[in-house]
Amino acid sequence: MVDAGASAPVDPELLGEALDAVPEGVAVFDADWTIVYVNRSAAGILQRDRTQLLGRNIWIALPELGGTILHSFLLHARSVGSQVSWHGYYAPAARWLNATAVRRGDRLHVSFREASDHGREDAALLAGPDDDDAADADRERLRFLAEVSEAMISSSLDVDDALQKLMDLVVPRLGDWAIVALLGDDRRPTQSARAHSDPARIPDMDAYLDRPDQGDGDQDSPMAAAFYTGEPIAMHPIPSELVDYQLTSDEVRAAWRRLDTDSFVIVPLRARGETFGGLVLLNTSARGPHSEMEIATAVEVARRAGLALDNARLYGQQLKVAETLQRSLLTPPPQPDDLEIAVRYQPAAINMHVGGDWYDAFQQPDGATLLVIGDVVGHNVDAAAAMGQIRSIVRGIAFDRQDEPAAVLGRVDEVMDGLRIGTMATALIARIEQTPEEREQSVRRLRWSSAGHLPPLVRHADGTIDVLSARPEPLLGADIAQNRTDHVHRLLPEDTVLFYTDGLVEQGRTTIDAGLERLMGAVRDLGELGPDALCDALLDRIVARRSEDDVAIVAVRCHRQS
């Protein structure tokens, strides 16, 4: 006899069809945040195919969820024993949602649907008596994340500056101390930054991080796991086997003991589908381990900072290619008898500008030495490419024709116009000439013509300086019809001639006149140095190797002839 009150066996297929028919999204997560069930409505709201969700961890399947208010709600729901609800805006799907969640054992059951009531605040977590505190905490968290976005977006494209800005944001807000590192193709750190909330502990942090014999790293370490899986890794307490082998000296052991670190979180830095670095947040025993909400915040910080850092990283790679190309075009100078020539090119360091500054030096078939310095208008890869074109044109015409500098510049104007090279550049061409009679006296003539370039300087052996100024003439490519002019200056034994670009004069945002006075003072003081040492000393004294614009220098010393 069959008991009419007995329940019929549950048909899983029928139950799945029933859940797929309901308009609400339904999802179930296990203790490790693996998605064990999701219905058709939930997959649609999350903008994924169901096969992309089932059996996968939410950090991997839904990377855009990390750090959002919905994710904070899920973490909050798991931490309480009662049913909780949330109403808010889920930015990745551009939808307002109503969500309800309850924990059943190790699993979290969540249902959500698209909401039509947009009147409530995005951060409203409805969890009983602590509603106001939870909402205030989320509003503060949103303000912090907005600060991160604004700071990182407005940061420069200098990777080191961006890394340090990230450290300033997360310490002490998310940790007592922190490290961020970018990885190269070989998975080794290429650039990094660090910070500690206690200035007294900075030497200990440095002693630990800069310890010798760091090795190649353990492929099974939490850091490696975070990079390979793309998931954050939290550790509390820190197992001794993770640290003991690193403490290879009494100094390092003492530094680690004073750091008093007993928990950490590692968050990968990802952008464009690639993990390219990691952020490590460490806490002392007094502060305690990171909460789930703090981990979610760290994930969102890494997501927002990751794109800015990746932009800076990729920009730096492009600039390195452009700089390599530019340097490859700037060939070593000749060393004619009784002339000593030195050249320098330094790209901008502050704004990471690759510009169009160039120099050239070569001997013409008649034995004269030709010197060129120039600066293409602009600061980008296009300027560097245009520099290569103009330099090649100048070099070819000057070597082939052996004309006077003004005639060479005039011919360059014609070629640039005929080839429709749509850019402008300053340039100065100088030719060091000598007749047999002048050679007997070790006297030379400097014949030069300038297309809007800064005047050369000549330092005599007695320390006096001549500024070879002339009436300004149009830039190359300016499309202004005007005959160019040659100028001649007599050079004596041990005279030093200096050619330079505006990056050496306008350093520190000074005026050209003030910058030229500063340069003259430096040349007056340092002019007894040989050309190589003089170039280095000028870069050290004036731009301190951190120029705001790229700099090119040519220095020529006229030695006495035997």
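Below are the figures for this structure:
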quantity: Backbone HN-Hα couplings from phi across the range 342-347 [Karplus 6.51/-1.76/1.60, Hz, Gly and Pro as x]; calculated: 10, 9, 9, 10, 10, x
quantity: Local electrostatic count, THR34, Cβ distance below 13 Å [Lys/Arg +1, Asp/Glu -1]; calculated: -2
quantity: Neighbour-count ranking [beta-carbon atoms within 10 angstrom, fewest first] of ILE480, ILE421, ILE373, ILE45; calculated: ILE480, ILE421, ILE45, ILE373
quantity: Within-14-Å neighbourhood charge of ALA481 [Cβ basis; K, R +1; D, E -1]; calculated: -4
quantity: Histogram of C-alpha separations across the range 330-558, 10 Å bin width, %; calculated: 8, 35, 38, 17, 2, 0
quantity: Contact order relative to length of the range 12-126, as percent, for alpha carbon pairs under 8 angstrom and 6 or more apart; calculated: 24
quantity: The chain: angle of helix 12-21 to the longest principal axis, Cα-based, in degrees nearest 10; calculated: 60
quantity: Debye, to nearest 20: dipole size of the range 12-126, +1 on Lys, Arg Cβ, -1 on Asp, Glu Cβ; calculated: 160
quantity: Hz values of 3J(HN,Hα) by residue in the range 422-435 - Karplus curve (6.51, -1.76, 1.60), Gly and Pro given as x; calculated: x, 8, 10, 7, 7, 7, 9, 10, 10, 10, 8, 10, 6, 8
quantity: P(r) weight above 24 Å for the range 12-126, C-alpha pairs, percent; calculated: 18
quantity: Local electrostatic count at LEU157 - Lys and Arg +1, Asp and Glu -1, tallied over other residues with Cβ under 13 Å; calculated: -1
quantity: Farthest toward positive dipole pole in the chain [+1 Lys/Arg, -1 Asp/Glu at C-beta], among ALA305, SER197, GLY452; calculated: GLY452
quantity: Sparse-neighbourhood loop sites, trypsin sites (Lys or Arg not before Pro) in the range 508-551 - DSSP loop, at most 12 other Cβ within 10 angstrom; calculated: ARG509, ARG545, ARG546
quantity: Selection from GLY515, ALA348, SER392, by position along the positive dipole direction of the range 330-558 (Cβ); calculated: ALA348
quantity: Where N is the number of residues in the range 445-514, Cα Rg divided by 2.2 N^0.38 Å; calculated: 1.26
quantity: Check: the range 330-558 dipole with +1 on Lys, Arg Cβ and -1 on Asp, Glu Cβ, in debye; calculated: 260
quantity: Residues THR34, THR68, THR51 arranged by fewest to most Cβ contacts within 10 Å; calculated: THR51, THR34, THR68
quantity: Square roots of 5 times each gyration tensor eigenvalue, C-alpha, the chain, largest first, Å; calculated: 67, 28, 19
quantity: Cβ-placed point charges (K, R +1; D, E -1), dipole of the chain about Cα centre in debye, nearest 20; calculated: 540
quantity: Signed unit charges on C-beta, dipole axis of the chain, positive-most listed residue LEU53, SER72, HIS290; calculated: LEU53
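Every number here is computed from the coordinates shown, using simple stated rules; none is lab data. All of these numbers come straight from a predicted model, not from anything done at the bench. Virtual Cβ from ideal backbone geometry, glycine too; neighbours counted across all protein chains shown.
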